[in-house]
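Below: one structure, written as structure tokens.
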Amino acid sequence: MLALLLVLVMVFSVACSGGKTPAPSSDATSDSVTGETTGESSGKTAGDAETLVVGVIAKMNGDFINGFTNSSYDVAIKTLIGTYAGYYETYPTDEQGAFVLDKTVNAKEPEIKENEDGSKTYRFFLNDKLVWNDGTPITAKDYILAFLYYNTKAYLKTGYNSTPGDGLVGYQDYRDGKAKSFPGVKYIDDHTFEATIAKEQLPYFYEEYLVGSQPIPMHRLTPNLDIGEDGSSLVVKEGYQVSDADKAEFKELTEAKIADLEAELKTTLEEMEAGKADYGDDYEAEVAKTKQEAESKINEYKEGLNNLDAFDPLEVLLQTYALENTTNYRFKPDVTCGPYNFVSFENQTATLTLNDKFLGDFRGNKPVIKNIVQRYVNDEIDADLVLSGDLDLITGVIQGDKIEKAKSNPDKVGTVSYKRNGFGMIRFLTDLGPTKYKEVRQAIGYLMDRNIFVQNILGGYGTIVNGYFGLAQWVYQERADVIEEKLNSYTLNVEKANELLNASPYKFEKDGTTPWDKEKAVKEAEKGDAFDYWRYNDKGEKLMINHAAGAKEISEIISAELTNNGRLAGLAYNVVNIDFNTLLNALYTPDLNNPTYTAFSLATGFTPIIDPYYEFHSSQIGAQNLDRVNDPAADEIVLKMRNVDPKNKDEFADRWVDFQVWFNDYLPEIPIYANEYYDIYGMRVKGLHTTPFWGWEKDIVNLSLSK
């Protein structure tokens, strides 16, 4: 299971496009996992006859390559241009989330060999007609480049947070810089390459996921590098000498990076100074630690500048390319292979145009709509904009009033509905601030009535869930009865919340010694906003949670529930509405010394890969483990779950139940609801059939616009 505002969708990402990275977005199956389409014909059109206009209700980050911030709205664009999983993968997924061999990419079935050492090799044979949008042939070098390039020290230093090739032979040594070669991938010739799963990774329930890959353009990203003679390493092209121009670019990009890091440090120190009181006696130590960590990164880049002539030519080029790619290509990807080409991103509007070099999806289907415009709109009027004809499509609608409005206007709009493969939640940083204590997280769970969200936000189009699963997942459908019996429902119970908090460090009054008294809290609560009887630990630190929220409707309910009920438990709960991109940055890169927020209103949309290793194993902290879970029990459970033979579905389901029981107790996230998604479209849009595993960006090959 890989994980906007409470309407955040995660999109599948395979190894070669950058790894298994969660994709936050704005808030999916029927039994056949297809949507039901309704509606007839209309008047005004959103764009011209050749342009599909899609509305999104959270701002895009503008990150259009994988491995950095990952809003699902950016993911839709990345998918369409081919910098994220979806097109030209060796093993994409279909409408039901099942892996399929892409016969547009693969010239024939891969050869699979079980090796004597216990590893397993897949040999792939590429279609020799594949080309990039600039006409350059796509080769096996492009298909293994992400494994070799994205795992280099130079690229990882840029903040890249994904793990391409995790599970293949030699991955960790290569990523750690202990080996120059990554034997888990191998270039054979321009149309043949191999991926070898490590012995210790087998069995694995989703083998195709581990060996799956998608190309990145070597001639654009690393033009003067090549694949080494061993087929598993990067080298400088034969005969190429690092030029003065290369050194000048290295110097310019490195100096710019140093300036950025120094500016970030200055801002951080200013923020720490402004919040000095929050640190207490630890302030000086935390400032010193922050400086040391930042200056270590800065000095590493400075060392490269000062010793440029002594640098290995490969390292010079790798750092130059990594900085150029993440400074320029990241925001304006020019050479791509998806069905659409990137045109521009301005004023929260992304514009794409058809790639005439694209050969088709895994079925050979090609899109016919010439242009796509995706733009940010006010979430209070997005449905109205489709009704008025100003937008062609909005997706992932959960609010009951919007759904009813669409259903009551079948002459203007149509809908596709499907059970959401995910849930809305409050997620925590589990190793920082008060939320690092399980008792605090559980207490928060007991201080809310989650039914209010289902009724007030979803208008009845949803249900409460108590685990890390989507209603569309096959494993949930097979073990639903067991799950209902084993999981705690966390209903509103102030008494239970106080019992848990009394078992946490926050069991004192302000003096840090007098036991906190729930009867005093009840009396003090009569003062309303003047309430001032909070819990403290023995250091005199107040039990206060700062919660980042994006969607106003959601935040208002969370604030009302946890502010009022929190007083009865001595918990100060502060909900702050912030820009979605700011929220994502606070989640992805928290200040480890003094995080601004340790709770977030978000949601998860699951990929077809049910593998919680990436989200909850301690080795993934700083990468996909955004909750920062560090629990030996979780490590053991997720490893057991992933190491199940694909043939043993029952064993896999049983281990999945064990994981759900752990999650429900440890509570790194509080599930609030699961729901039905509605995609609402104008009547000139024809052929829309989205599912929990098949968004509009994949369905684009089936869409058309009526005249």
Problem set entry | Per-peptide average of other Cβ atoms within 10 Å, ordering 249-260, 656-667, 50-61 highest first | 50-61, 656-667, 249-260
For this session: Please express the shape of the chain as an equivalent ellipsoid: the semi-axes are the square roots of 5 times the eigenvalues of the C-alpha gyration tensor, given largest first in whole angstrom.
Result: 40, 33, 25
Exercise. Over 28 Å between Cα atoms, which of LYS141/LYS686; LYS157/LYS180; LYS436/LYS698 qualify?
Worked result: LYS141/LYS686; LYS436/LYS698
For this session: Using the structure shown, select from LYS186/LYS247; LYS78/LYS332; LYS186/LYS647; LYS78/LYS366 the pairs with a Cα to Cα distance greater than 21 angstrom.
Result: LYS186/LYS247; LYS186/LYS647
Exercise. Relative contact order for the stretch 111-236: what is it in percent, counting Cα pairs under 8 Å that are at least 6 residues apart?
Worked result: 30 percent
Problem set entry | Listed residue pairs exceeding 31 Å between alpha carbons, taken from LYS59/LYS370; LYS276/LYS507; LYS289/LYS552 | LYS289/LYS552
Exercise. For the stretch 244-317, what relative contact order do you get, as a whole percent, if you take Cα pairs closer than 8 Å and at least 6 residues apart?
Worked result: 52 percent
Seminar exercise, completed: Rg/Rh over Cα atoms for the stretch 244-317, Kirkwood Rh, comes to 1.16
Exercise. What aspartates and glutamates sit close enough to LYS302 to cross-link, taking a C-alpha to C-alpha distance under 19 Å and skipping anything fewer than 8 places away on the same chain?
Worked result: ASP244, ASP246, GLU249, GLU252, GLU255, ASP260, GLU262, GLU264, GLU293, ASP312, GLU315, GLU324
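Every read-out reported here was derived from the displayed coordinates using simple, explicitly stated rules and does not represent laboratory data. Small disclaimer: the values here were computed from a predicted structure and weren't measured. All Cβ positions, even for glycine, are placed from backbone atoms using ideal geometry, and neighbour counts span all protein chains on display.
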